[in-house]
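The values are calculated or read from the model by the stated rules, or taken from the named source; none is laboratory data. Keep in mind that this is a model prediction, so the values were computed, not measured. Heads up, the Cβs are rebuilt from the backbone with ideal geometry, glycines too, and the neighbour counts pull from every protein chain shown.
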Amino acid sequence: MTPTVAVLRTLAIDAAALPPAPNGPLSDAQNTRRLRPHPAPCAACGTPARATRAIDTDVGRRWLDLCRTCMITSTKQPPAPPVPLTETMAAVREAAHRASISTALVLLVDPMHEKALTPDRSS
């Protein structure tokens, strides 16, 4: 699956519903006209778009206008770790203990996710 197809699928956008875009390289002025002074609607949710690009689809070249939220949503995320972070931290603590190494592990996290990632301090 191409990245463009993945974005359209992730956001449930029908390529045929997107407005036609010109062929060839696009100038900054062409992109700017889609976003200022009155932004095109986001192809996924209809709010004012913050980014635009021309994409090649099976129905021809189309404009893909996205708001900030939909653009972030459609960005490929890194895969999740194979085991929960708390298990990884516990394994590191256990290995240090077995090796008779005195350690202090400090975990810096995004405050929004702090509760989910804070290691168990009971040991």
Of all residues in region 25-73 being among the aliphatic types (A, V, I, L, M) and surrounded by fewer than 13 Cβ atoms within 10 Å (Cβ to Cβ), the one that is farthest from Pro3 (Cα to Cα): Ala29
Reported set for region 1-35 where residues are closer than 22 Å to Gly46 by Cα, at pLDDT 90 or above and among the small types (Gly, Ala, Ser) is Ala12, Ala15, Ala16, Ala17, Ala21
Scanning for something within 20 Å of the chain's Cα centre (by Cα), assigned by TED's automatic domain parsing to the domain that holds Val7, of a type outside the set (Gly, Ala, Ser) and more than 12 Å from Leu8 (Cα to Cα), does region 31-39 turn up at least one residue? no
